[in-house]
Each structure stands twice: as C-alpha cells, then as structure tokens.
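Chemist: Have a look at this one before I ask anything.
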Amino acid sequence: MHKNPKSYLAFSLIPVYFLVKFLSHYPEFIEQYYSNGIYPIISKSLRYGLGWIPFSFGDFVYAFAVIYMIRWLIVNRKRFLTDTQFWLIDILSTVTLIYFAFHLFWGMNYYRLPLHKNLNLEADYTTEQLFKITDLLIDKTNTLQSEITKNDTIKVEMPYSKSEIMKRSEAGYKNLEAQYPHLKYHPRSIKKSLFSVPLTYMGFSGYLNPLTNEAQVDYLIPTYKFPTTAAHEMAHQLGYAAENEANFIGCLATINNDDIYMKYSGYAFGLRHCLNEIYRRDPKQYEIYIKKVNVGVLKNYEETRVFWESYQNPLEPLFKVTYNSYLKANNQQGGMESYSYVVALLVNYFHKNLL
C-alpha cells in the first residue's frame with residue numbers, strides 16, 4: 001500500500017521549521033540573498049499581478065479560507081474519532097504549506113539586518129538628543145499646522161478622499177528614493193481593507209497580506225492618519241517586516257512628500273512617538289513639551305484617541321495578546337512594545353540629517 005503523499009508533506013513541517021530557524025541566525029545571508037535578492041522579485045511580481053485590481057484579492061482569499069476551514073471541520077468532525085491520523089495529517093499538511101509560503105513570500109524579512117545598519121544610524125540615543133529632536137519636530141509640526149489652517153487652534157482636515165491619499169503616498173517614496181535607492185516603491189498595490197470594521201474592533205489600522213503582497217488600510221481610521229498608515233504598509237511591502245522599522249520608513253516617506261497635508265501627517269506622527277517616549281522617561285518634562293504643541297495638533301491627537309476608544313471592546317486585549325505573541329515568535333522580542341523603538345531611528349536620523 002502506498003503511503004499517503006500528504007503524510008510526507010505533513011512531516012516536512014519539521015525540517016522546514018528548523019531550516020527557517022537555522023537561517024535566522026545569519027541575517028547577512030538573509031539580507032543579501034533574500035531581502036535584496038529573491039524577495040524583491042516576488043514582491044514586484046505580486047504587486048504587478050494584483051495591484052491593478054480595485055479591491056483586495058487577498059481579503060477574498062482569507063474569507064474563502066475561513067469558510068472552507070469551517071466546512072472541512074463540519075464535514076470531517078466524525079473522522080476525528082474514527083480516523084484521527086487522517087485528520088491530523090490533513091491539518092499538518094495545510095499548516096506546512098502555509099508556513100512555507102509565508103516565509104518564502106515575505107516572512108524571512110523578519111530575520112534581515114537591522115535597519116539602522118543599512119542607513120548608517122546609531123541604535124541608541126540620549127535623553128538630551130530626544131529633547132532636541134522633539135523641539136525640532138514641534139517646530140515643524142506647528143508650522144505646517146498653522147500654514148494649513150491659518151489658526152493654531154484648528155485641527156487639520158485632509159482635503160482628499162482616502163483613495164486619493166493612498167495614491168499620493170507613493171510620491172513620498174519617490175522623493176525618498178533619491179536619498180535611499182533601496183526604498184524605491186513601484187508598482188503600487190494598496191487597498192482599503194474589506195474587513196475594516198472587525199479590524200478596527202481588533203485595534204489595528206492596517207496589515208500586509210504576506211501571500212498576495214497587498215497592503216490593506218482600515219478605511220475607518222481618521223483621515224489625517226491615513227498617509228502614515230498607508231506608507232507604513234508600503235514599507236512592509238518593501239520587505240521591512242519589523243513594526244518599528246516600518247513606522248520609521250513610513251514616517252520618512254510621508255514627511256518627504258511634497259504635499260503639505262501629507263507632510264503634516266508625517267511630522268505629527270513622528271512627534272507623537274517622541275512625546276510618548278518623553279512621557280515614559282520623565283512625565284514632568286512631558287508636561288513642559290506638550291504645552292509647546294499647537295492646540296490644533298493636539299486636537300488631531302485627540303481625534304485619534306477618541307476614535308480608538310469608541311471601538312474598545314472586551315475582546316481587543318485578546319487580539320493584542322495574540323499579535324504580541326506573533327511578533328515575539330518572529331524575531332521581535334519586544335512584541336508590540338517594539339513599536340516604541342521607532343524613536344531611536346527617528347532621533348538618530350533627524351540628529352544626523354537636520355542638526
């Protein structure tokens with residue numbers, strides 16, 4: 001009797017897992033041969049193939065997969081007791097395929113070299129440097145807010161639709177490319193998420209589908225947050241898997257946009273991170289710095305806070321814990337706290353380029 005081919009596939013999960021873990025110890029190899037070798041070909045091919053579709057093909061794939069999984073469990077529920085081996089082999093073979101495809105199409109980027117090494121930036125910074133950069137960002141953000149509204153107490157309202165913002169986000173990367181050629185972004189493949197409502201209740205503003213390389217943005221989030229969220233997801237498409245690095249690149253791409261509204265979104269985003277870090281280090285200094293920020297800017301921050309509070313629910317912490325575990329399993333030891341590490345990149349970049 002021939003052995004079920006699925007059993008070979010199921011048990012291949014073990015060598016595939018150990019291969020990934022083995023390669024994860026060689027970031028230079030990953031950087032050269034995957035992140036700057038195989039991955040750009042895969043990414044561009046998927047974006048050319050699916051970017052022209054006006055809706056998220058990947059979201060339909062997710063929906064179909066969930067429906068199929070539920071149907072499979074219902075149809076095969078009795079076989080769990082009568083043919084447990086078949087049941088487990090079917091599940092393990094599916095897990096193997098997904099695990100392999102995830103790492104081949106995108107996931108190995110979690111193990112590339114840290115971004116600060118590629119950009120020749122320091123990884124650490126002093127509190128004094130943080131204060132200097134925060135002052136600089138306050139000046140930049142206040143100036144842009146005043147130019148837009150002509151009144152420092154009025155919050156900035158984006159004059160564009162969210163679809164238009166996603167289109168305009170590519171221009172920032174084009175400008176950034178002159179400084180960092182490896183951040184060239186083309187073609188565009190960014191969509192509004194079909195699951196924006198549940199995504200918002202889960203507490204997330206966007207995500208990248210690693211199997212289709214489509215970037216999805218939650219269309220419910222405040223419009224002024226759309227530019228940095230879109231640019232963040234584009235950074236993921238370029239192969240920067242770590243959240244802190246995608247935040248940093250998204251910020252750079254937005255502040256390098258020629259459009260003043262897009263630029264404001266980027267500077268306000270960077271400033272918010274720095275203010276949060278000051279609060280973490282010295283709450284008394286935070287109270288001093290927050291008073292320097294225009295009321296209109298603070299109203300934009302308040303708009304975002306109120307938005308997320310309106311969608312808080314008992315299940316959100318569970319989703320956050322699950323995602324936190326996912327990040328730690330993929331070489332982000334700080335979990336969701338790694339989002340705050342973007343400040344180190346911001347401080348050192350601005351210290352190097354603007355001071």
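Chemist: What are the residues in segment 44-76 that are within 13 Å of Ile190 (Cα to Cα) and polar (S, T, N, Q), if any?
Modeler: Correct list: Ser56 only.
Chemist: Check whether at least one residue in segment 127-148 is surrounded by fewer than 17 Cβ atoms within 10 Å (Cβ to Cβ) and of a type in the set (Val, Ile, Thr), and report yes or no.
Modeler: For segment 127-148, residues surrounded by fewer than 17 Cβ atoms within 10 Å (Cβ to Cβ) and of a type in the set (Val, Ile, Thr): present.
Chemist: Considering Phe204, Phe226, which residue is surrounded by fewer than 21 Cβ atoms within 10 Å (Cβ to Cβ) and either among the acidic types (Asp, Glu) or under 15 Å from the mean Cα position of the chain (by Cα) (or both)?
Modeler: Phe204
Chemist: Can you tell me which condition Asp152 does not meet? The list is (1) surrounded by 15 or more Cβ atoms within 10 Å (Cβ to Cβ); (2) under 30 Å from Ile278 (Cβ atoms); (3) not hydroxyl-bearing (Ser, Thr, Tyr), and all the others hold.
Modeler: (1)
Chemist: If you go through segment 264-288 one residue at a time, how many are over 24 Å from Ala123 (Cα atoms) and surrounded by fewer than 22 Cβ atoms within 10 Å (Cβ to Cβ)?
Modeler: Residues that pass the stated criteria total 3.
Chemist: List pairs: first in segment 36-49 and under 16 Å from His103 (Cα atoms), second in a helix (DSSP H, G or I), Cβ under 7 Å, 6+ apart or cross-chain?
Modeler: Taking only residues 6 or more apart or on different chains, the pairs are Tyr39/Asn109; Ile42/Phe105; Ser43/Gln237.
Chemist: Within segment 145-174, which residues are over 21 Å from the mean Cα position of the chain (by Cα) and in a helix (DSSP H, G or I)?
Modeler: Gln145, Ser146, Glu147, Ile148, Thr149
Chemist: May I pose another question? Pick from Gln312, Gln332: which is crowded, with 20+ Cβ neighbours inside 10 Å, in a loop (DSSP other than H, G, I, E, B) and at pLDDT below 95?
Modeler: Criteria check complete, one pass: Gln332.
Chemist: So, in segment 115-144, exactly how many residues are assigned to a helix (DSSP H, G or I) and closer than 27 Å to Ile30 by Cα?
Modeler: Residues meeting the conditions: 4.
Chemist: Filter segment 91-114 down to the residues that are in a helix (DSSP H, G or I) and either farther than 30 Å from Leu46 by Cα or aromatic (Phe, Trp, Tyr) (or both) and list them by number.
Modeler: Tyr99, Phe100, Phe102, Phe105, Tyr110, Tyr111
Chemist: Which of the helices (runs of 4 or more DSSP H) contained wholly in segment 203-296 include at least 2 residues that are touching a helix residue (DSSP H, G or I) at 6+ places or on another chain (Cβ under 9 Å) and among the charged types (D, E, K, R)?
Modeler: Result: 243-255, 260-281.
Chemist: Among Tyr240, Tyr261, which is the only one that is in the same structural domain as Gln145 (by TED's automatic domain parsing), surrounded by fewer than 23 Cβ atoms within 10 Å (Cβ to Cβ) and touching a residue at least 24 places away in the same chain (Cβ under 8 Å)?
Modeler: Being in the same structural domain as Gln145 (by TED's automatic domain parsing), surrounded by fewer than 23 Cβ atoms within 10 Å (Cβ to Cβ) and touching a residue at least 24 places away in the same chain (Cβ under 8 Å) holds for just one of Tyr240, Tyr261, which is Tyr261.
The values are calculated or read from the model by the stated rules, or taken from the named source; none is laboratory data. Since this is a predicted model, take the numbers as computed values, not measurements. Note that we place each Cβ from the backbone using ideal geometry, even for glycine, and neighbour counts take in every protein chain shown.
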